[in-house]
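J.: This is the structure I want to talk about, given as structure tokens.
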Amino acid sequence: MNAAYSRALRALALRLETLKIHGHDQLSVSCADWKEDMRSKLKKLKSATAQGGARAQGGATAQKRIRSQSGVNTNTKEKVASLPPAAPVKADLTLEDIRVEVADCQKCALAKTRTNTVFGVGDPKARLVFVGEGPGAEEDKQGEPFVGRAGKLLNDMITAMGLKRSDVYIANIVKCRPPGNRDPLPEESAQCMPYLLRQLKVIAPDYICSLGAVSARNLLETTEAIGKLRGRFHDFEGMELLATYHPSYLLRNPGAKPEAWKDLRLLMKKLGLKDPRKNNG
């Protein structure tokens, strides 16, 4: 399956997951109808991408047409991977329900190498949720996100905003550590995204701060560089999302810290928090 219709599949699957999360789980067509309709559209897309030596342009045009016909937002630029079928979402879903699902998850190869699943931590009704990329070695050992060196820096960033770690919620795109601390593969992220979407549904924050390129690209469904995504708010299912640099990147590149602080100040303004640095002259 080529990248163009992998992106189209993910767009449709993510839309279905979103509809279920918002309570629209009674679709007007059957699953078989959806599959047949998608199969037909993918054939047209494959044909379009093979003609005229303009594969990228043709694929993008066909992709927009598929999204339009399927009711998918056509403003997103790129998709990352195909999501699995959406699981039913209970009206009274709790974070503990999702935690139990995650603990038993065997949907991708990361389940074979993990020590612990790393679900999330913090205020279950937080106005602000930080979303990282994936657990590291220390997180895998303790079963809690951001507890290593990057976690200490994130704590410092939260404190600089005038908040405590317990005031926010912290999670990751994937719940299991990728071997060698590599970036999660697209298919691994795709398997875990429904869990994160359900977490966000339950928490219902006003703001999301995505930490790093992997987080931002998966949430915003784009391949844009983090440098182009940061510094402004994006709409994400009725919530406002701000992308910034991952704390581990800031540890390696301390010169980027002032830019990250600018991003945090944008969040502080939205949250009505005073800048402590200004108060200190």
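J.: Inside the stretch 140-151, can you point out the residues that are in contact (Cβ under 8 Å) with a residue 60 or more places away in the chain and not in a loop (DSSP other than H, G, I, E, B)?
T.: Those that are in contact (Cβ under 8 Å) with a residue 60 or more places away in the chain and not in a loop (DSSP other than H, G, I, E, B): R149, A150, G151.
J.: Please identify the pairs in which a residue from the stretch 179-191 that is assigned by TED's automatic domain parsing to the domain that holds G136 and at positive phi has its Cβ atom under 9 Å from the Cβ atom of a residue that is in a helix (DSSP H, G or I) and at pLDDT 95 or above, counting only partners at least 6 apart or on another chain.
T.: From residues that are assigned by TED's automatic domain parsing to the domain that holds G136 and at positive phi, the pairs are N181/A137; N181/S248.
J.: Are any of the residues in the stretch 201-218 in contact (Cβ under 8 Å) with a residue 12 or more places away in the chain, of a type outside the set (S, T, Y), in contact with a strand residue (DSSP E or B) (Cβ under 6 Å, 6 or more places away or on another chain) and assigned to a helix (DSSP H, G or I)?
T.: yes
J.: Also: With the structure loaded, tell me whether K107 is among the charged types (D, E, K, R), under 22 Å from G136 (Cβ atoms) and either assigned to a loop (DSSP other than H, G, I, E, B) or at pLDDT 85 or above (or both) or whether it fails that test.
T.: Considered against the rule, which asks whether it is among the charged types (D, E, K, R), under 22 Å from G136 (Cβ atoms) and either assigned to a loop (DSSP other than H, G, I, E, B) or at pLDDT 85 or above (or both), K107 comes out as yes.
J.: So, in the stretch 119-149, how many residues would count as being farther than 16 Å from G180 by Cβ and of a type outside the set (K, R)?
T.: Within the stretch 119-149, residues that are farther than 16 Å from G180 by Cβ and of a type outside the set (K, R) number 18.
The values are calculated or read from the model by the stated rules, or taken from the named source; none is laboratory data. This is a predicted model, so every value here is computed, not measured. Glycine gets a Cβ as well: all are built from the backbone with ideal geometry, and neighbour counts include every protein chain shown.
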